[in-house]
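Before any comments, here is the structure.
The values are calculated or read from the model by the stated rules, or taken from the named source; none is laboratory data. The structure presented is a predicted model; accordingly, all values stated were derived computationally and were not measured. So basically every Cβ, Gly included, is an ideal-geometry build from the backbone, and we count neighbours across all protein chains shown.
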């Protein structure tokens, strides 16, 4: 499950267009579960992959991404956040160890397994992806070379 959430997060961070738009092949169980979980959502669009169903939607003036398995179980909820929304320990760790980088992507993933944060840092020479579980500190996430070269 953790690998699936991590994969989803990385794909989202890399800005792939595989999830854009509306598809007519949505899974009925996922749609029903989504409507129950996020009944106040607006502007919902759907995408289906071989592994999950994704709903992109707006709620409370935020764009969110909900991922469901084909049985209608919520895998995780993803949304972009500002660095000011990070727990203080994580924000300080970025400032201390990566002060010469800027944050190009930052998002939070919430699932049954907990809360995970993912950040894509860049400077003139390098792009680094970091992930964390909770607030215990960052660790490098190694991106596949094909994905990293598209950054």
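For the reader, a short list of remarks on this structure follows.
- Among the residues of region 8-43, those identified as closer than 24 Å to residue 117 by Cα and at pLDDT 70 or above are 34, 37, 38, 41.
- Scanning region 101-121 for residues that are over 20 Å from residue 63 (Cα atoms) and modelled with pLDDT under 95 returns 112, 113, 114.
- Conditions (1) touching a helix residue (DSSP H, G or I) at 6+ places or on another chain (Cβ under 9 Å); (2) modelled with pLDDT of 95 or more; (3) over 30 Å from residue 125 (Cβ atoms): number failed by residue 78: (3)
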